[in-house]
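> Quick one: the structure is below, and I'll ask about it shortly.
The values are calculated or read from the model by the stated rules, or taken from the named source; none is laboratory data. Note that the structure is predicted; figures quoted are calculated from it, not measured. When we count neighbours, we look across all protein chains shown, and the Cβ atoms used for this are built from the backbone with ideal geometry, even at glycine. The protein model used for the area step is the full one, side chains on, heavy atoms only, and it has no ligands, DNA or RNA in it. Shrake-Rupley method; radii C 1.70, N 1.55, O 1.52, S 1.80 Å.
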Amino acid sequence: MARDEGQHNDQHFDLSFLESQMTRRATRRDVLKGAASVGAALSLGPLFAACGGEEGGTAASPTAAGTPKKGGNLRMGMSLGGTDIDPQLSTTGDVIGMNHNVFEGLTTFDPTMKVVNQLAEEISPNDAATEYTVRLRPDVTFHNGKSLTAEDVIFSISRIIDPKAPKTGASSLSHLERLEKVDDLTVRMYLARPDAIFPELLAMYSNCILPTGYTNTGKVADLVGTGPFKLTAYTQLQQIDFASNAEYWGQVPYIDTMSWYSVSESNALVDGLADGTYDWVIGLSPTQGKIVEQSDGISTVRSSSGTYTPFMMRADLKPFDDVRVRQAFKLICPRQQTLDATLAGAGVLGNDITALYDPAYPKDLEQTEQDLEQAASLLKQAGYGDGLSVECVVCPENGNSAVDSAVIFAEEAKKVGVTVKVNKVDVATFYGESWTTWPFSTDSWATRGYIHAARIQRFPDAVWNCEHWQNDQWESMMREAETTVDEAKRNELIAEAMKIDREEAGYLVWSFMDLIDGKSDRIAGEVPDVFYWTAINFGFKYLYFV
Amino acid sequence: MPPLLRLILLRVGLGCVTLLLVSLVVFAATQALPGDPARAILGKGAANKAVYEGLREELGLNRPLQEQYLSWLQGVMTGDLGDSIVNRGTSVVTLLKPWVINSLYLLVITSLVSIPLSILIGAMQAYWRDRPFDHVTNVTNLVLSALPEFVIGLVLVLLLATSVFHVLPAVSQVIIGTPLYAQAEILVLPVIALCLATMPYTCRMLRASTIGVLDSEFVMMAGLKGLPNRLVLWRHALPNALGPTFQVIALNLAWLTGGIVVIEYVFNYPGIGTALVKAVANRDMPVVQALCMLIAAVYVVTNLAADIATILVNPRLRTGMR
């Protein structure tokens, strides 16, 4: 199961042997209910000029033949976090889901990872990309009736970067120096250094706009946002209830209410969907997807995405400090075989570059295949001709693709004299004090743009840098790209940097995984989304009953 | 003071000491675990040192350990179980109330079904010992007690909910807003699973002690006097055989309170087993403490009740008591 800043309290109970023997009803249907899969590269460009995209991008195209009916109560099963809900401190699935339904930000990502305006009507930078003027959408109200003004924006963003109590988005906004109110609907933001992708940072789901004076009381009445749904009830660890916001500035949702129920055991998701307890379940494994497809009355919704579970090698420690060892390892991995074995083929093959949906991602890459001969030769050149022994640390919480890929890798590595010991540790240990220091490990990452991902994962000061790779040429290209306002030039720089990355960096990205949700056939209108976690990225505002 | 009352008071006193010791051990254990509530709240975000340290300060985790424990203990003495650390602003009582009620439903219904049924079956086994009924029941009890609870649960789901028959819901999703008795069908499978998990022990215990009693001289005497077999069994033999069985029943009840995590997990039922697992995962000390004390209290009370019941049922013990 893909996992990133969020914590999936998915206690692992692997009963796939029972799953495979379970037949749901008397009839078996081998039909793959048509699930729209979003195609590949779509541009990811931060929005500068006046072309503010309509929030939500393309309209919902119903996948089932049916006319949208207004009304209904949607019941969804998912693993609920169980810690308190501060919408700017979202790390668990339920809070992230609320970020997408109850709250909104100045910008957001559309289903193809393109940055579009949300509460901002227009964002214009100065020539040096050090000042951004944000003009707000007029006539937006919070769920408690209060109007959205510049003060709310200043309050919310200041709250995120407050040095005494920084929120999730604080480190990515560390270069934001100050905010200035220009008028009731306009805010100017001053940056300490030029940044061409600033609007993309504002689009992060945890950087949402709250009413001035919000404090984390945990009470439903205080949790007001501007989004298409209002929060009506919240019982920790059990149930979250929403009602549609009739005064929403955008398209009001079709459904009247929805409830999210806590499911701790992932097989209960499929059971509950099959017997009608839930109308929608998120985050299914490929095996569970197959079971859903074989059952009557329910189907899967699939979306390709840029989510990946790579191997990460610390380029500053032996043996990975020798680039030939890193290259050898990239050649040992049997990519298609790993994809088929761990994800039942539900994904696209990777070539070690991380940002699949970045517009600079090369279109016609030659696929890296397994080449044990070349790997052995590289290892010999690096002085490891007599063999090499490493430990790979993995966390089962990150899903099959993070664990089994390491097991498969270990099998193949034996053939070139490399002994890989796969060490499974629990969440508290993996993400504890030693995280970001494991010499060799696997992990799960969400879809991001290349520059943003570099800030989080690869730059020397990146807070989640597990790789510790130093390359002055790559870094200087990236730093220049960060300040290049012209999109075409910027993409050129990024493309060059990606080439170096592929050759020399410490990430082995063997594939990107599809996201799979399950739904009742009474529901339609879903819009597949490439971001992370769920095939529709919590886009319940598009759904309707047929 | 009547001896029985003195016994009760003594045991209640010892019970309070037990609870205090439990709370100390639980506190030490949660502190010894790697990680802390701030890490649980932030997940991967805890790698950001500034956010992590800020949250630790906000949650009061940097206070010395004895201060944290004593301030919690002080609250408990005055009846305040405190607030949850990871769900700020929510008191432990508010948080746990629905979970405890859910578990209570399961506990009460399971007990009401399993205890009389297992006594009946155990007595019947002893009465017809070494006959076909006894053999079949013995084997069944052995198999059931050997199977892990989650296997029993899953087989029930397969049998009655998803594959063979579709008469019951596969998932015991409690819908908040509707009282539990109105959603009674979600309780059936977990209760059956729990009964099947606990009945074998009580049956075997009762069977063994009833057989022992049926072989004793006074039973032979009663039979020789011409009393009908059924009267001998129910009126004379059983009350004496029940003594040791109460202990088993008490252990079962205590186990049902705290140990049904697996069943709750299989059926996705929100009871205190699940609550405890989640609280430990979140390192939420006040919630963990409250739950552990609750379970310890149930152990103390059920054991006390079992001892009293044993005494009441056996007049010899009543007078021989000090």
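> Can you compute log10 of I(q)/I(0) for the range A:127-239 with the Debye formula, treating each Cα as one identical point scatterer, at q = 0.14, 0.20 Å⁻¹?
For the requested q values the scattering log ratios are -0.62, -1.17.
> Here's something else I'd like to know. How many nm is it between the label spots at A:A428 and B:L120, if each spot is 7 Å from the Cα in line with the beta carbon?
4.5
> Per DSSP helix of 4 or more residues, -39500 (n - 2.57); summed, then divided by the residues of the protein assembly as shown. What does that give at 222 nm, rounded to the nearest 500? Let's see the in-between values first.
Numbers: 28 runs with 360 residues, N = 868.
Helices in the protein assembly as shown give a 222 nm mean residue ellipticity of -13000 deg cm²/dmol.
> Right, another one. Calculate the mean, over all residues of peptide A:161-169, of how many other protein chain Cβ atoms lie within 10 angstrom of the residue's Cβ. Before the final figure, lay out each step's value.
Working: counts 0, 1, 2, 4, 6, 8, 5, 6, 2.
Average neighbour count from other chains, rounded to a whole number: 4.
> Suppose R0 equals 30 Å. What FRET efficiency, 1/(1 + (r/R0)^6) with r the Cβ-Cβ distance, do B:Q183 and B:T94 give to the nearest 0.05? Walk me through the intermediate numbers first.
Numbers: r = 22 Å, r/R0 = 0.72.
Once the sixth-power term is evaluated, E becomes 0.90.
> Work out the mean other chain Cβ neighbour count within 10 Å for the residues of B:171-182 and drop it here as an integer. Before the final figure, lay out the partial values.
Working: counts 16, 3, 14, 5, 6, 9, 5, 0, 0, 0, 0, 0.
For peptide B:171-182, the averaged partner shielding equals 5.
> Same structure again: Given a 1.4 Å probe and heavy atoms of the protein chains only, how would you sort B:Y181, A:Y532, B:Y299, A:Y234, largest accessible area at the top?
On the way: B:Y181 160, A:Y532 10, B:Y299 90, A:Y234 30 Å².
Correct descending sequence by accessible area is B:Y181, B:Y299, A:Y234, A:Y532.
> Starting from the amide H of A:L74, placed 1.01 Å from N in the peptide plane, find each other amide H under 5 Å away whose residue is 5 or more places distant or on another chain.
Here the answer is A:T257, A:M258, A:S259, since their amide H atoms fall under 5 Å of that of A:L74.
> Can you tell me the length gained on complete extension of the stretch B:D215 to B:A29, counting 0.36 nm per residue apart and subtracting the Cα distance?
Numbers: separation 186, 0.36 × 186 = 66.96 nm, distance 4.92 nm.
Gain on stretching B:D215 to B:A29: 62.0 nm.
> Express the accessible area of the range A:300-449 per residue in Å², computed with a 1.4 Å probe while the remaining protein chains stay in the model. Intermediate results must be reported in sequence, preceding the final value.
Numbers: 5460 Å² over 150 residues.
With the other protein chains kept in place, the range A:300-449 gives 36 Å² per residue.
> Separation between the A:E480 and B:R129 pseudo-spin-labels, each 7 Å from Cα along Cα→Cβ, expressed in nm?
Spacing of the two 7 Å Cα→Cβ label points: 9.4 nm.
> Residues of the range B:254-273 losing 40 Å² or more of accessible surface, assembly versus chain alone, probe 1.4 Å, please list them.
Correct list: B:Y265, B:N268.
> Obtain the radius of gyration and the Kirkwood radius of chain A from its C-alpha atoms and give Rg over Rh. Each step should come with its number before you reach the end.
Numbers: Rg = 23.2 Å, Rh = 24.1 Å.
Rounded to two decimals, Rg over Rh is 0.96.
> Bins of 5 Å, beginning at zero and ending with the bin holding the largest distance: percent of Cα pairs per bin for the range B:157-211, please.
For the range B:157-211, the pair-distance distribution reads 4, 17, 18, 17, 14, 11, 8, 7, 3, 1.
> Let me ask something else. No solvent, one uniform scatterer per C-alpha: report log10 I(q)/I(0) for chain B via the Debye equation at q = 0.09, 0.10, 0.15 1/Å, two decimals.
Result of the Debye calculation: -0.62, -0.74, -1.25.
> Based on the Cα gyration tensor of the range A:372-448, what are the three equivalent ellipsoid semi-axes, each the root of five times an eigenvalue, rounded to whole Å and given largest first? Provide the component values of the computation, followed by the final result.
Details: eigenvalues 136, 34, 27 Å².
Working through the eigenvalues yields semi-axes of 26, 13, 12 Å.
> Listed highest first by mean packing, meaning other Cβ atoms within 10 Å per residue, what order do A:196-202, B:71-77, A:362-368, A:422-428 come in?
Details: A:196-202: 23.4, B:71-77: 13.7, A:362-368: 10.3, A:422-428: 16.9.
Packing order, densest peptide first, comes out as A:196-202, A:422-428, B:71-77, A:362-368.
> At 1.002 mPa s and 20 °C, plugging the Kirkwood radius over alpha-carbon pairs of the range A:411-523 into Stokes-Einstein gives what diffusion coefficient in µm²/s?
Working: Rh = 17.0 Å.
Taking Rh from Cα pairs, D becomes 126 µm²/s.
> How many partner chain Cβ atoms sit within 10 Å of a residue's Cβ in peptide A:274-283, on average, as a whole number?
Working: counts 5, 9, 3, 8, 2, 0, 0, 0, 0, 0.
Mean partner shielding for this stretch: 3.
> For the range A:363-408, state what percent of all Cα-Cα pairs lands in each successive 5 Å bin, counting from 0 Å until the bin that includes the largest distance.
The calculated distribution, bin by bin, is 5, 16, 15, 15, 20, 18, 11, 1.
> With a Förster radius of 41 Å, plug the Cβ-Cβ distance of B:V17 and B:K225 into 1/(1 + (r/R0)^6) and report the FRET value to the nearest 0.05. Each step should come with its number before you reach the end.
Details: r = 49 Å, r/R0 = 1.21.
It comes to 0.25.
> Give the residue from A:S511, A:I160, B:Y52 lying farthest towards the positive end of the charge dipole for the protein assembly as shown; charges sit on Cβ (+1 for Lys and Arg, -1 for Asp and Glu) and the dipole is referred to the Cα centre.
So the residue we want is B:Y52.
> Here's another thing I want to ask about it. Per the Cauchy relation, a quarter of the hull surface: what is the mean projected area of the convex hull of the alpha carbons in the range A:218-257, in nm²?
Details: hull surface 12.0 nm².
Dividing the Cα hull surface by four gives the mean projection, 3.0 nm².
> Given a 1.4 Å probe and every protein chain left where it sits, what share in percent of the accessible area of the range A:87-167 is carbon and sulfur?
Working: 1180 of 2400 Å².
Its accessible area is 49 percent carbon and sulfur atoms.
> Using θ = phi - 60° and the Karplus relation 6.51 cos²θ - 1.76 cosθ + 1.60, list the HN-Hα couplings for the range A:93-110 in order, rounded to whole Hz, with x at every Gly or Pro.
Listing the rounded values in order: x, 5, 5, 4, x, 5, 4, 8, 10, 9, 10, 9, x, 5, 10, 8, 9, 7 Hz.
> Mind checking the range A:130-165 for chymotrypsin sites (Phe, Trp or Tyr not before Pro) that DSSP puts in a loop (not H, G, I, E or B) and that have at most 11 other Cβ atoms within 10 Å? Can you show the working numbers first?
On the way: sites: A:Y132, A:F142, A:F155; in loops: A:F142.
Here no chymotrypsin sites (Phe, Trp or Tyr not before Pro) fit, given the DSSP loop and packing criteria.
> Follow-up. How long is the range B:1-86 along each principal axis, judged by its Cα atoms, biggest number first, in Å?
64, 23, 19
> With the Cα gyration tensor of the range A:207-355 giving a ≥ b ≥ c as the square roots of its eigenvalues, does the rule (a/c under 1.5 for rounded; else a/b larger than b/c for prolate; else oblate) give rounded, prolate or oblate?
It is oblate, given that a/c is not under 1.5 and a/b is not larger than b/c.
> I'd like the FRET efficiency for B:K49 and A:D316, computed as 1/(1 + (r/R0)^6) with the beta carbon distance as r and R0 of 22 Å, rounded to 0.05. Walk me through the numbers on the way to the answer.
Details: r = 20 Å, r/R0 = 0.90.
Computed FRET efficiency for B:K49 and A:D316 comes out at 0.65.
> Nearest 100 Å², what total accessible surface is buried between chain A and chain B (probe 1.4 Å)?
Working: alone 21000 and 17440 Å², together 34170 Å².
That pair of chains buries around 4300 Å² in total.
> Right, here's the next one. What per residue convex hull volume, in Å³, do the alpha-carbon atoms of the range B:121-244 yield?
On the way: hull volume 18.6 nm³, N = 124.
Convex hull volume per residue, Cα atoms: 150 Å³.
> Same structure again: Suppose we keep just the alpha-carbon trace of the range A:312-448; what are its Rg and Dmax in angstrom?
Looking at the range A:312-448, its Cα Rg and Dmax stand at 15.1, 43 Å.
> Let me ask you something else. Using a basic spin-label model with each label point 7 Å from the Cα along Cα→Cβ, how many nm lie between B:L59 and A:N126?
4.2
> Pull up all non-local amide H partners of A:V393: gap of 5 or more, or a different chain, and H-to-H distance under 5 Å with H placed in the peptide plane.
A:N423, A:F440, A:S441, A:T442
> Pop out the carbon and sulfur fraction of the accessible area of the range B:1-115 as a percent, whole number, probe 1.4 Å. Write down the numbers at each step before the final one.
Working: 4240 of 5910 Å².
Ligands and nucleic acids excluded, carbon and sulfur reach 72 percent.
> To the nearest 10 square angstrom, what accessible area does B:E57 show with a 1.4 Å probe?
Approximately 120 Å² of B:E57 is accessible to the 1.4 Å probe.
> In this model, which of A:K146/A:K181; A:K167/B:K44; A:K380/A:K415; A:K424/A:K519 are farther than 24 Å apart at the alpha-carbon?
Values: A:K146/A:K181 18 Å; A:K167/B:K44 13 Å; A:K380/A:K415 14 Å; A:K424/A:K519 33 Å.
Those over the limit are A:K424/A:K519.
> What does the range A:492-546 give for Rg and for Dmax, in Å, if only its C-alpha atoms count?
Answer for the range A:492-546, Rg first and Dmax second: 17.7, 52 Å.
> Taking a point 7 angstrom from the Cα of B:V108 along the C-beta vector, which residues in the range B:178-202 have backbone N less than 20 Å away?
B:178-195
> What area, in nm² and to one decimal, does the C-alpha convex hull of the range B:194-247 cast on average over all directions? Intermediate values should be presented prior to the final figure.
Details: hull surface 15.3 nm².
Mean orientational projected area (the range B:194-247, Cα hull): 3.8 nm².
> Got a sec to turn the phi values of the range A:506-513 into Karplus ³J(HN,Hα) couplings, 6.51 cos²θ - 1.76 cosθ + 1.60 with θ = phi - 60°, whole Hz, x for Gly and Pro?
Result, rounded to whole Hz: x, 9, 10, 9, 8, 6, 10, 9.
> Just in the range A:384-472: which chymotrypsin sites (Phe, Trp or Tyr not before Pro) are loop by DSSP and have at most 11 other Cβ atoms within 10 Å?
Details: sites: A:Y384, A:F409, A:F430, A:Y431, A:W435, A:F440, A:W445, A:Y450, A:W464, A:W469; in loops: A:Y384, A:Y431, A:W435, A:W464, A:W469.
Those that pass, being in a loop and sparsely packed, number zero.
> Can you tell me how much longer the chain between A:L372 and A:A488 gets when fully stretched, taken as 0.36 nm per residue apart minus their C-alpha distance, in nm with one decimal?
Numbers: separation 116, 0.36 × 116 = 41.76 nm, distance 3.81 nm.
Result for the pair: 37.9 nm of gain on full extension.
> Ok, one more. Please report, in whole Å³, the volume per residue of the convex hull around the C-alpha atoms of the range A:319-367. Could the numbers behind the result be given before it?
Values: hull volume 5.2 nm³, N = 49.
So the per-residue hull volume is 106 Å³.
> Quick query: amide H of A:V301 versus all other amide H atoms, modeled in the peptide plane; which residues come in under 5 Å with a sequence gap of 5 or more or a different chain?
Counting only residues 5 or more places away or on other chains, the set is A:D517, A:G518, A:K519.
> Now, a different point. Along the charge dipole of the range A:403-491, pointing to its positive end and built from +1/-1 on Cβ of Lys, Arg, Asp and Glu, which listed residue (A:M477, A:V427, A:A410) has its Cα farthest out?
A:A410
> Using a 1.4 Å probe and counting only protein heavy atoms, arrange A:F103, B:F218 so the residue with the most accessible area comes first.
On the way: A:F103 5, B:F218 90 Å².
Reading off the accessible areas and sorting them downward yields B:F218, A:F103.
> Give the average over all directions of the projected area of the C-alpha convex hull of the range B:202-288, one decimal, in nm². Write out the running numbers ahead of the final one.
On the way: hull surface 31.2 nm².
If you wrap the Cα atoms of the range B:202-288 in a convex hull and average its projections, you get 7.8 nm².
> Using a probe radius of 1.4 Å on heavy atoms only, what accessible surface per residue do you get for the range A:167-291? Whole Å² is fine.
Details: 3650 Å² over 125 residues.
It amounts to 29 Å² per residue over the range A:167-291.
> As a test question: what accessible area, to the nearest 10 Å², does B:I192 have when a 1.4 Å probe is rolled over all protein chains in place?
Accessible surface of B:I192 is approximately 60 Å².
> Here's something else I'd like to know. Peptides B:130-139, A:473-482: what's the order by average Cβ count within 10 Å, highest mean first?
On the way: B:130-139: 13.0, A:473-482: 18.0.
Those peptides, ordered most packed to least, come out A:473-482, B:130-139.
> For the range A:246-260, take each phi angle, set θ = phi - 60°, evaluate the Karplus expression 6.51 cos²θ - 1.76 cosθ + 1.60, and give the result in whole Hz per residue in order, putting x for glycine and proline.
Each residue of the range A:246-260 in turn: 5, 9, 4, 6, x, 6, 5, x, 6, 6, 7, 9, 8, 10, 10 Hz.
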